[in-house]
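Quick one: the structure is below, questions incoming.
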Amino acid sequence: MLTVALPKGRLMDKALELFDRAKIIETTNYGESRKLIIEDNKADLRYILAKPTDVPTYVEYGVADIGIVGKDVLKENKRAVYELLDLGIGKCQMIVAVKSGSGFNKVQELGFSAKVASKYPNCTTEYFRSHGIQAEIIKLNGSIELAPIVGLADAIVDITETGRTIAENGLEIIAEVFPISARLIANQVSYKIHYHSLREMVKALEEVI
């Protein structure tokens with residue numbers, strides 16, 4: 001029985017629908033359960049329902065053989081896992097945004113004294129360094145859009161699907177950091193042990209993506 005770490009929320013629902021279309025499972029109503037571990041004996045799968053940011057940790061340490069996680073979490077945490085497949089779901093963008101009317105039209109204009117707020121300090125640091133900017137990164141856990149409005153930061157790095165929330169809060173996007181979608185990942189040892197089963201799963205998923 002393979003153990004799968006699933007992220008709670010909308011991404012889990014989309015992933016299970018994809019598994020259903022690929023005929024890997026026969027039901028998608030696991031999200032209705034309050035249990036944190038669910039066994040699907042017909043599919044020979046065990047599910048761990050986890051916080052999205054914890055999925056790569058469960059996979060890296062072998063508690064789960066495979067997992068589903070956003071590319072943003074993978075890049076931010078840099079866990080030692082194999083990335084098997086882009087599932088093409090949960091698509092969005094990591095972006096840089098500033099307060100409308102701030103006068104900043106591109107990242108290079110922020111300069112070396114810039115303060116940037118984000119839930120993703122590692123991705124943010126890496127991105128700004130790639131542009132030759134040693135920005136001060138301010139780690140926040142929620143309502144990132146507030147930072148430029150109240151004067152805490154000059155810019156934010158955050159995730160957006162449509163850009164609507166950014167605009168509604170008086171901000172404008174000046175750069176895209178990288179595109180995001182859900183990935184199927186595997187524990188490095190499990191991938192070798194269950195190689196044939198996992199390759200069959202990947203093939204089945206590829207056919208419906």
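Taken together, the values in this text are just the output of simple stated rules run on the coordinates, not laboratory data. Quick caveat, the model's predicted, so the values are computed rather than measured. Methodologically, a virtual Cβ is constructed for each residue, glycine included, from the backbone with ideal geometry; neighbour enumeration extends over all protein chains shown.
Mean shadow of the range 92-179, computed from the convex hull of its alpha carbons, in nm²?
Values: hull surface 19.4 nm².
Average projection, Cα convex hull of the range 92-179: 4.9 nm².
Also, quick follow-up: Between Arg183, Arg46, Arg129, find the one with the highest GNM mean-square fluctuation for the chain; connect C-alpha pairs within less than 10 Å.
For the chain, modelled as a Gaussian network with Cα springs under 10 Å, the answer is Arg129.
Follow-up. For a protection proxy built on the mean count of beta-carbon atoms within 10 angstrom, sort 75-81, 34-40 highest first, please. Please list the in-between numbers first.
Numbers: 75-81: 17.1, 34-40: 11.3.
Final packing ranking: 75-81, 34-40.
Where does the chain land on Rg(C-alpha)/(2.2 N^0.38 Å)? Show your work: numbers first, answer last.
Details: Rg = 19.2 Å, N = 209, 2.2 N^0.38 = 16.8 Å.
Ratio of Rg to 2.2 N^0.38 Å for the chain: 1.14.
³J(HN,Hα) across the range 164-180 via Karplus (A = 6.51, B = -1.76, C = 1.60, θ = phi - 60°), whole Hz, x for Gly/Pro?
Once θ is set to phi - 60°, the couplings for the range 164-180 become 5, 4, 4, 5, 5, 9, x, 10, 9, 7, 10, 6, 9, 7, 6, x, 10 Hz.
Going through the DSSP H helices of the chain, which span 15 Å or more along their own axis at the Cα atoms while scoring at least -1.0 as a mean Kyte-Doolittle hydropathy? Walk me through the numbers before you get to the answer.
Working: long enough: 10-21 (17 Å, -0.46); 195-208 (20 Å, -0.32).
The answer, listed by residue number, is 10-21, 195-208.
Same structure, new question: Select from Leu49, Leu171, Leu152 the residue whose mean-square fluctuation is largest in a Gaussian network model of the chain (Cα-Cα springs shorter than 10 Å).
Maximum among the listed residues: Leu152.
Only bridges with both residues in the chain count here: give the DSSP antiparallel percent, nearest 5.
Details: 27 of 42 bridges.
Taking every DSSP beta bridge within the chain, about 65 percent pair in antiparallel fashion.
Sum up the charges of everything whose Cβ sits under 13 Å from the Cβ of Gln134, counting Lys and Arg as +1 and Asp and Glu as -1, but leave Gln134 out.
Working: positive: Lys115, Arg129; negative: Glu126, Glu136.
Charge balance in the 13 Å sphere: 0.
Which of Val107, Val157, Val59 moves most in a GNM of the chain, Cα contacts under 10 Å?
Greatest mean-square fluctuation among the candidates belongs to Val107.
Turning to a different aspect of this structure: Once amide H atoms are built 1.01 Å from N in the peptide plane, which residues 5 or more positions from Glu39, or in another chain, come under 5 Å H to H?
Amide H neighbours of Glu39, under 5 Å, 5+ apart: Tyr47.
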